[in-house]
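Data first, discussion second: the structure below is written as structure tokens.
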Amino acid sequence: MAQGDSEALPYEGSKRTGWGFASWKGGRFLSGPKRNAGIWAVLLVAVLASAYFLEPWNERFERESLPFLSGDPVRGASLFSGLGCNACHPLYGIGATIGPDLAKTPNPSWNPPVRIVTEIWNHSPQMWERMKDAQLGFPRVTERKMLDLLAYLYLVRYVDEPGDPAYGKILFSSKGCLQCHTQAGFSEQAAPDLARLEGDTPIIWAQTMWNHGRAMQVGMAQRDIRWPTFQGKEMGDLLAYLQRTGSGKRFEAGLFPADPAKGAKLFREKACYSCHSINGEGGKTGPELGPRQGVPLSITQFAGRLWNHFPQMMARMDEQVISQARFAEREMADLIAYLYVIRYFEPVGRVDLGREVFNKKHCSNCHGVDGHGGKDGTNLARRQEYVSAQMAYTVWTHGPPMYRKIREKSIDWPTLEEQELVDLMAFLNSL
């Protein structure tokens, strides 16, 4: 089947309809009920569809797995409409209410791709049945289109930081931000007015915290202010507060599609490799940046980590006579896309627990106890590297036949918790 073709699976005689919720203004997506609720209802499907094939798919980066953030949200918005997603799902409370609101984040403690993919997996049977009843059909989605859709869902869900703005307000004072920065027209000292910040979105926030860290370090030293650190979700709470009170423009959507190949090049050009290694190659001063154990990082938590360790990093760079590199907005997006490819943001699961999930969820009934294939299922060993974005593509393309087969066997569709998905991927990658 040619790329871009669609097939009515598993239902015949179907039709597709849709009307879009997308807001693209001045080269940027608008998001959030405070600023954009009315604009989300504007029908821009025709405009978005015309842009769908304007930019060719970047094949320069070898993709054994699908790199999150490398999709195009403009094309993803058109796809959201073309697939009929908005016939069931509202955004920011606008539209049909059959399915859950995709702009809301039920579990902000998990990183974006794992959260999104788990929801796609768990709710796929309901979606397929709804599509059957509405005669929407089931178009076969290419890998590129899945990345476009994931980029769009990231923007509508995570550009508005799912943190606690009330606690963020407390942090703004307790961490000493108020001693320098204006907020809501008041500060103890004159510094940039954060109420007018035009970068209160995760990727640009990470770029801002890095680029301006040295100047803030000098200013805090002059005022004898201790360098504050942020734990857990605190940086997300602070950003949520700044988003709630800010009025600056947003332009994070203009950073997509991010290019992990450029990010890999930047990793060397900006001398990140001088301190950090990947797969054992690179400097040993800083930590390895591959897959890791621990709480999954969101992009905002990544910004918090950059901030927390900034003084130590600058001291080490000064010792090695390495000047601090600055990142443009798109460069930071490319770097983060590269970090997704090397699985820095991908939580590390346990193979033994993944094997238990594989059997407990009845995957072994078709694919064999060891995952190497059975009477009704294919060999899952070494088919590709299993990461969250790849799993989204897999369930969408191979899910309907799986659904039919397990129904024939009177087996319920398996649902997964986020950690179960992570452990399952660890097991599949071990085969």
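For the reader, a short list of remarks on this structure follows.
- Total residues in the range 83-104 satisfying the condition of being surrounded by 19 or more Cβ atoms within 10 Å (Cβ to Cβ) and outside any strand (DSSP E or B): the figure is 12.
- Residue within the range 346-368 that is assigned by TED's automatic domain parsing to the domain that holds V395, in contact with a Phe, Trp or Tyr (Cβ under 9 Å, 6 or more places away or on another chain), farther than 17 Å from E418 by Cα and not in a loop (DSSP other than H, G, I, E, B) present: yes
- Those residues of the range 284-308 which are in a loop (DSSP other than H, G, I, E, B), modelled with pLDDT of 90 or more and buried (at least 16 other Cβ atoms within 10 Å of the Cβ), in sequence order: G286
- Residues within the range 298-327 that are more than 16 Å from G213 (Cβ to Cβ) and not polar (S, T, N, Q), tallied: 3
- Q384 vs. criteria modelled with pLDDT under 85 and either part of a helix (DSSP H, G or I) or in contact with a Lys or Arg (Cβ under 8 Å, 6 or more places away or on another chain) (or both): no
- Hits in the range 309-341 - residues which are of a type in the set (D, E) and surrounded by fewer than 24 Cβ atoms within 10 Å (Cβ to Cβ): D318, E319, E329, E331
- Of residues in the range 268-283 being closer than 15 Å to M313 by Cβ and part of a helix (DSSP H, G or I), the one nearest to the chain's Cα centre (by Cα): C272
- Verdict on H123 being modelled with pLDDT of 75 or more, within 30 Å of P165 (Cβ to Cβ) and out of contact with any Leu (no Cβ under 8 Å at 6 or more places or on another chain): yes
The values are calculated or read from the model by the stated rules, or taken from the named source; none is laboratory data. Being a predicted model, the structure only gives us computed values, none of them experimental. Quick reminder, even Gly has a Cβ in these numbers, built from the backbone with ideal geometry, and neighbours come from all protein chains shown.
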